[in-house]
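Accompanying notes for the structure given below.
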């Protein structure tokens, strides 16, 4: 489901929160038949989706799924706060974290301080994706 301006306007005029979650559940059930794994893309942050009744936390609960968090590096403090916030909001449904767009100059902090600290907190860091300016102009199509 894509949150377009039209869907937002419709939700503001005639809220159908239960219907949207029901559509997501039906689509998930239909597509997950005979599948070993399903990958679902959430919003750009854990703040998104509330206006239409589809925040990531509630979708994960409704579908009884695990969540792989992808946290973008902006600076050291925000990275740590974003990860701990994800753990607080998602609880046991958070199965691990991927760190995204980590600049080369932050790798020492990440490997020597952040990862050991987070893993001691029970937060598995499953990977670190470096910032790569060569990828920036790429556009993905579905």
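The values are calculated or read from the model by the stated rules, or taken from the named source; none is laboratory data. Predicted model only: the values in this text are computed from it and were never measured. Heads up, the Cβs are rebuilt from the backbone with ideal geometry, glycines too, and the neighbour counts pull from every protein chain shown.
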Taking segment 91-110 and keeping residues in a helix (DSSP H, G or I) and on the phi < 0 side of the Ramachandran plot leaves 92, 93, 104, 105, 106, 107, 108, 109, 110
Note: among 44, 69, 91, just one is under 28 Å from residue 122 (Cβ atoms) and surrounded by 14 or more Cβ atoms within 10 Å (Cβ to Cβ), namely 69
If we take segment 1-90, then helices (runs of 4 or more DSSP H) inside it with 2 or more residues that are within 19 Å of the chain's Cα centre (by Cα) and within 30 Å of residue 109 (Cα to Cα) are 56-63, 76-90
Has segment 16-29 got at least one residue that is surrounded by fewer than 13 Cβ atoms within 10 Å (Cβ to Cβ), out of contact with any helix residue (DSSP H, G or I) (no Cβ under 8 Å at 6 or more places or on another chain), outside the structural domain of residue 108 (by TED's automatic domain parsing) and closer than 29 Å to residue 132 by Cβ? no
Which condition number in (1) in contact with a helix residue (DSSP H, G or I) (Cβ under 7 Å, 6 or more places away or on another chain); (2) in contact (Cβ under 8 Å) with a residue 40 or more places away in the chain; (3) within 30 Å of residue 19 (Cβ to Cβ) is the one that residue 123 fails? (3)
